[in-house]
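The values are calculated or read from the model by the stated rules, or taken from the named source; none is laboratory data. Just so it is clear, the model here is predicted, and its values are computed rather than measured. Backbone-built Cβ (ideal geometry, glycine too); neighbour counts: all protein chains shown.
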Amino acid sequence: MTVREALQRAIRPSTTRSTGALWAKSLLNAALFFGIFMLALPGLADRDLPMGIPLPRSLRTWLAGAFALLGIAAWLACLDAFSRHGRGTPLPADAPRRLVTTGLFGRIRNPIMAAELAVIWGVALHLTSLGAALYAVAITSLAHALVVHVEEPELRRRFGRSYDEYCRSVPRWLPRLRRQR
């Protein structure tokens, strides 16, 4: 069994009925994910390769704060959409039962991943080290590969034609400046 097949098998629609319970599961996921991928790993990368990247302190502070705050706000909005409309969580073993195409999901197909990457880039900007920057590049590349090779095929399998139509009308990562007619 390949890694891709193993990951796809781990994805199961949620059986949780309570919106509050879905939120609780999502927040637990957030605590673990944020703690590991947004604090511990960038911190280790910074420690192991601390070579500084010259960036004015005020610019660094404002950019890092903007990326992190926008990422967290977008992530919370996506959690709400997953809990209320999709009836699931970002956890693969508790995935949404319905395809979510409203809110930020109507602008880009992967707003949760984009929000998480925004926070990671915010942390990398705050640390301004080569290690943190390389970590952000690596995790961004890995996220893209997981979306293309695992998540999208799984969603296509689960939601069929409706997901294909969604993919044709909503871009993967960068929102269109103008709405399609």
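From the list 134, 125, exactly one residue is over 14 Å from the mean Cα position of the chain (by Cα) and surrounded by 22 or more Cβ atoms within 10 Å (Cβ to Cβ). Which is it? Before you say what the answer is, go through the steps one by one.
On the way: 134 fails: surrounded by 22 or more Cβ atoms within 10 Å (Cβ to Cβ).
That would be 125, the only listed residue that is over 14 Å from the mean Cα position of the chain (by Cα) and surrounded by 22 or more Cβ atoms within 10 Å (Cβ to Cβ).
Just checking, which of 146, 104 is over 16 Å from residue 79 (Cα atoms), in contact with a helix residue (DSSP H, G or I) (Cβ under 9 Å, 6 or more places away or on another chain) and modelled with pLDDT of 90 or more? Please lay out each step first, then the result.
Working: 104 fails: over 16 Å from residue 79 (Cα atoms).
Answer to the selection: 146.
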Open item on the list: Can you tell me which condition residue 42 does not meet? The list is (1) within 18 Å of the chain's Cα centre (by Cα); (2) farther than 20 Å from residue 143 by Cα, and all the others hold.
Closed with: (2)
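When region 44-55 is examined, which residues are found to be surrounded by fewer than 16 Cβ atoms within 10 Å (Cβ to Cβ) and under 9 Å from residue 131 (Cβ atoms)?
In the first step, residues of region 44-55 are kept if they are surrounded by fewer than 16 Cβ atoms within 10 Å (Cβ to Cβ); the result is 44, 47-55.
Listed by number, the residues that qualify are 44, 47, 48, 49, 50, 51.
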TODO: Report, ordered by the first and then the second residue, all pairs with beta carbons closer than 7 Å, sequence separation of six or more or different chains, a first member in region 127-141 that is of a type outside the set (A, V, I, L, M), and a second member that is buried (at least 20 other Cβ atoms within 10 Å of the Cβ).
DONE: 129/46; 131/45; 131/46; 135/42; 135/45; 135/124; 140/117
- [ ] Keeping to region 74-98, report how many residues are within 17 Å of residue 120 (Cα to Cα) and out of contact with any helix residue (DSSP H, G or I) (no Cβ under 8 Å at 6 or more places or on another chain).
- [x] 1
Open item on the list: Yes or no: region 152-171 includes at least one residue that is touching a helix residue (DSSP H, G or I) at 6+ places or on another chain (Cβ under 9 Å) and in a loop (DSSP other than H, G, I, E, B).
Closed with: yes
Open item on the list: Let me spell it out: the conditions are (1) buried (at least 19 other Cβ atoms within 10 Å of the Cβ); (2) part of a helix (DSSP H, G or I), and residue 89 meets all of them except one. Which number is the exception?
Closed with: (2)
Open item on the list: Can you list residue pairs whose Cβ atoms sit under 6 Å apart, with the first residue in region 29-41 being under 15 Å from residue 114 (Cβ atoms) and the second being buried (at least 17 other Cβ atoms within 10 Å of the Cβ) and among the aliphatic types (A, V, I, L, M)? Count only pairs 6 or more apart in sequence or on different chains.
Closed with: 38/119; 38/120; 38/123
